[in-house]
Each structure stands twice: as C-alpha cells, then as structure tokens.
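What follows is a short report on a single structure.
The values are calculated or read from the model by the stated rules, or taken from the named source; none is laboratory data. Keep in mind that this is a model prediction, so the values were computed, not measured. Using ideal geometry, Cβ is built from the backbone for each residue, glycine included, and neighbour counts are taken over all protein chains shown.
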Amino acid sequence: MRSSDNGRSATPAPNADSNSDDCRVYRGRTSRERTEERRERLISAALSLYGDAGFRATTVKAVCQQAGLTERYFYESFANSEELLCAVCSSSMARMRGLAREAVERAGTDSTARLYASTRAYFDYLRAHPGHARIVLFEMEGASRTTGEHLRAELEKAVALIVELHFEALASPAPSGLEPELLSRALLGAIYQLAKEWTLSDFEIPSETLTRQIQALYSALILDWQGNADRTRNARSAR
C-alpha cells in the first residue's frame, strides 16, 4: 500500500469492476442478466410477429408491445430491426442444428439412418414451427443485403454440420474426385429447396416422404463413395 507525504496510508483506489453496472444486483439478478432476459423477450416476440405478419409489416413498436417492453429497451440490444431479424434467424437455426445433432446421436452408427434422423428432425421442426420456417426460408432472403449475408453465414454452419455428421463419420476416406464439403452443399441445397416448396404448400406432403427423398440421394452418394474406395483399394492391392 502506498504511503502519503504525511505518513498516513493512502486509501486504495476502488476496483472499477466492483462498481460496474453489470455487477449490480436487483431482485437477485445482475444488470447483465436483466439485459439478456429483455433481449430474449424481444427475440421471442419477433419470432411470433415476423413469422405471422412478416418482417416488413412489423414495427419496432409492435415487437416491444408483444415483449412487454418500452422502445428504449429495444435499442439497448439491437441497432435496428434487421439486426433483430438476424438474431431471430440465428436462434431458430441454432435450435435446428441442435435437434439434428441430438437425432444423429440417437440413431446409432448406420450412415443412412443417421442422415434420415437429422433430416427428419429438420423437417419436423419446420412443420411444428411454420413461423420459423417463414423467417428462415423467406423473410431473411428478401429483407436486405445484410440479412441475406447473415443467412449465408448460418447456412455455412449447416454445411459444416453435414460434413461432420455425415461424411467425416464414414469409415473410408473421401475417394479421389469426391469432396465432402461440395457434397454437403449439394445435400443442403436439395433440403433447402424442398423445405421452401413444402412450406409454400402448407406442409401438404408428409415429412417422412420428404426425408426419404433426401435419404435416397445420400444413399446413392454413399454407394458411389464406397465403390470408389473399394476400387482404389483393389488397384493398390494389384500393384
């Protein structure tokens, strides 16, 4: 402890962190926790409104009324409505990825069964949450350049998940000429387009039927994958 000129011990400077607004506790929650809770309420309200009326037809005021908050709390968490829409999209797609991963873990080791499980989980989620389907499949693309770029970033996460769950787990390595990332993009493209048409039809086709189509595509890819791997091994053995 530093001494002052008169010989008395100087009072240590207060810890700035201890006085931070984030650390103030009110009714058992810190300021940061209360801010996060308000943010989640806004996201939940926007999920409902954007999925029902659409993004462009929904005002900041309407979102705040649905969330039970004043508009000043909106700008505490989001710069504008586009930023909120991106947060809504991220929330929905993170949930979809989580459900797909859980489904694969329950499906065991068979590659086609794992693909069926993850795809079925995705389609079932969209059917159970049509508002989320509208936001992810339609509202994000048409809102602005910013939301379009954010959607592409979220889709990149989906590609990475397909690579991890359905190609990296295969016993044989990728044969020459086949790229797991490109194959994953092809699968995602098929799933995404089917999902859009399915949503527009008001989910007329059973989700199992859609899932079987994607499973058939994947099965054909795997047969080619395994066939190439077998031919490569046989060629090496013949040398």
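Brief remarks follow.
- Per the conditions (1) farther than 15 Å from SER90 by Cα; (2) crowded, with 19+ Cβ neighbours inside 10 Å, the sole criterion not satisfied by THR147 is (1).
- Some residue of the range 52-67 being in the same structural domain as LEU115 (by TED's automatic domain parsing) and over 22 Å from ARG145 (Cβ atoms): no
- Checked against the criterion of being touching a Phe, Trp or Tyr at 6+ places or on another chain (Cβ under 9 Å) and outside the structural domain of HIS150 (by TED's automatic domain parsing), the candidates ARG29, ARG38 yield just one match: ARG38.
- Per the conditions (1) within 20 Å of VAL159 (Cα to Cα); (2) in contact with a Leu (Cβ under 8 Å, 6 or more places away or on another chain), the sole criterion not satisfied by ALA143 is (1).
- Just one of the numbered conditions (1) more than 19 Å from LEU165 (Cα to Cα); (2) modelled with pLDDT of 95 or more is not true of SER237: (2).
- Of the residues ALA229, ALA216, the single one that is modelled with pLDDT under 90 and more than 24 Å from the chain's Cα centre (by Cα) is ALA229.
- When the range 112-130 is filtered for residues that are touching a residue at least 40 places away in the same chain (Cβ under 8 Å) and touching a His at 6+ places or on another chain (Cβ under 8 Å), the ones remaining, listed by number, are ARG114, LEU115, SER118, LEU126.
- Number of the exception - GLU168 against (1) part of a loop (DSSP other than H, G, I, E, B); (2) acidic (Asp, Glu); (3) under 23 Å from THR58 (Cβ atoms): (3)
- Qualifying positions in the range 46-57 - part of a helix (DSSP H, G or I) and over 18 Å from the mean Cα position of the chain (by Cα): LEU49, ASP52
- Complete set of residues in the range 163-180 that are under 19 Å from VAL104 (Cα atoms) and either free of Cβ contacts under 8 Å to residues at least 40 places away in the same chain or among the acidic types (Asp, Glu) (or both): VAL163, GLU164, PHE167, GLU168, ALA171, PRO180
- Selection count, the range 39-83, where residues are among the small types (Gly, Ala, Ser) and touching a residue at least 60 places away in the same chain (Cβ under 8 Å): 3
- Filtered residues of the range 126-141 (kept if in a helix (DSSP H, G or I), surrounded by fewer than 21 Cβ atoms within 10 Å (Cβ to Cβ) and at pLDDT 95 or above): ARG127, ALA128, PRO130, GLY131, ARG134, LEU137, PHE138
- Residues in the range 75-104 that are out of contact with any helix residue (DSSP H, G or I) (no Cβ under 9 Å at 6 or more places or on another chain) and assigned to a helix (DSSP H, G or I): GLY98 alone.
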